[in-house]
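The values are calculated or read from the model by the stated rules, or taken from the named source; none is laboratory data. Being a predicted model, the structure only gives us computed values, none of them experimental. Every residue, glycine as well, gets a Cβ built from its backbone with ideal geometry; the counts of neighbours run over all protein chains shown. Side chains are part of the model used for accessible areas, which takes the heavy atoms of the whole protein and leaves out ligands, DNA and RNA. Shrake-Rupley method; radii C 1.70, N 1.55, O 1.52, S 1.80 Å.
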Amino acid sequence: MNREERIKRALAVSTDTKIFEMGRGVLEKVPESWNRFFAGRSAVVVADVNTWPAAGEKVYEYMVSAGIPTLKYIIDKKEFHAEWKYIEMVDKILDGDMEAAKVIEDDPFHVEADASGAFRTPSDSYPIAVAVGSGVINDLCKLCSHHHGQQYLTVPTAASVDGYSSFGASISWQNAKQTFECPAPVAIIADTEVIANAPKEMTAAGYADLAAKAPAGGEW
C-alpha cells in the first residue's frame with residue numbers, strides 16, 4: 001500500500017479531517033477545499049510576520065480572487081508561544097473584533113481569563129479560521145475554533161511538529177502546559193515547496209517530535 005492509499009483510507013474513517021492535500025503548488029487548492037465545507041461563510045487568514053510572506057499572502061490572494069469574503073490578521077511577532085493570552089487574542093479575531101485582538105497581543109501585562117468562560121454560542125456570523133503557520137498558530141486556531149463551535153482549515157508552513165492532524169491543543173495556562181481537547185482541522189493543505197523552504201531547525205524539530213513519541217508512548 002503506497003502513501004496515497006494509506007492517506008485515503010485514513011481520511012475515510014477520520015471523524016474530523018476530510019481533506020489532506022500535499023504537494024508542490026497545492027496552495028491554489030485552498031478555495032476549492034474551503035467551498036466544500038464553508039461555502040457562504042467568511043474567512044480570516046491567521047498568520048505571523050514569518051508565515052505571511054511564506055504562504056499567508058498567497059492563500060489570502062487565492063481566496064479573495066475566488067470571491068470568498070476574507071479578512072486577515074498578521075501577528076506582529078517573529079517568535080511567540082502557545083500561551084493562553086494568544087488564545088484570547090484569536091478568540092477575539094474569530095469574534096470579528098480585530099481591535100480587541102490587537103490590544104491583547106500588544107499588552108505585556110495581560111492577565112489570563114478563566115478558560116471555562118471561553119466558549120461562545122455558535123453562529124454563522126463568525127469568520128472561519130485559516131491557520132497559516134506551524135504548531136503554535138495551528139493549535140491556537142484549533143482551540144479557538146472549538147470555542148466558537150466550528151471547524152477550521154490549516155496550511156502548515158513547516159514540518160516542525162506532528163500535531164497538525166491531531167485532536168487537542170497544547171497550550172500554556174496558569175503557568176503549566178496543558179492539552180485542551182478540541183477537533184482536528186477539517187482540511188490540511190500542505191505545500192511541499194513552502195515546507196522545504198522553512199528553516200532547517202524547524203524540520204529537525206519535527207523529526208525530534210516524531211522520535212519522542214516512541215519513549216513517550218511507553219511512559220504514558
Quick one: how many Å² of residue 19 are accessible to a 1.4 Å probe, rounded to 10? 20
Residues with amide H under 5 Å from that of residue 162, placed H, sequence gap 5 or more: none
Theoretical gain in end-to-end length, residue 116 to residue 4 [0.36 nm per residue, Cα-Cα removed]: 36.3 nm
Cut-off under 5 Å, modelled amide H: who pairs with residue 133 long-range: 155, 157
Rounded, prolate or oblate, given the Cα gyration tensor of region 121-220, with a/c below 1.5 counting as rounded? oblate
DSSP bridge pairs, the chain: antiparallel proportion in percent, nearest 5: 20
Nothing charged except the Cβ atoms of Lys and Arg (+1) and of Asp and Glu (-1): what's the magnitude of the dipole of the chain about its Cα centre? Round to the nearest 20 debye. 740
Amide H within-cut-off set for residue 128, under 5 Å, with H built and near neighbours excluded: 42, 43, 44
Provide the gained length on full extension for the span residue 174 to residue 219, in nm with one decimal, where the gain is 0.36 nm per separating residue minus the Cα-Cα distance. 13.7 nm
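Set the Förster radius R0 to 30 Å, insert the Cβ-Cβ distance between residue 35 and residue 202 as r into 1/(1 + (r/R0)^6), and round the FRET efficiency to 0.05. Present the calculation step by step, with values, prior to reporting the outcome.
On the way: r = 31 Å, r/R0 = 1.02.
The pair residue 35/residue 202 has a calculated efficiency of 0.45.
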What does the accessible area of residue 107 come to, in Å² to the nearest 10, when a probe of 1.4 Å is used? 50
Could you run the Karplus curve 6.51 cos²θ - 1.76 cosθ + 1.60 with θ = phi - 60° over region 97-109 and give me ³J(HN,Hα) per residue in whole Hz, x for Gly and Pro? 9, 5, 5, 5, 4, 5, 4, 5, 4, 8, 8, x, 10
Note: residue 98 to residue 181 extended length (0.36 nm per residue) minus current alpha-carbon separation gives 27.3 nm
For residue 180, what accessible area in Å² do you get when you roll a 1.4 Å probe over the heavy atoms of the protein chains, rounding to the nearest 10? 40
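What does the C-alpha gyration tensor say about the overall shape of the chain? Classify as rounded when a/c is under 1.5, otherwise prolate if a/b is larger than b/c, or oblate. Walk me through the numbers on the way to the answer.
Details: a/c = 1.38, a/b = 1.10, b/c = 1.26.
Judged from the Cα gyration tensor, the chain comes out rounded (a/c under 1.5).
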Among the listed pairs 58/85; 72/200; 29/72; 177/200; 8/177; 58/142, which are separated by more than 23 Å between their Cα atoms? 58/85; 72/200; 177/200; 8/177
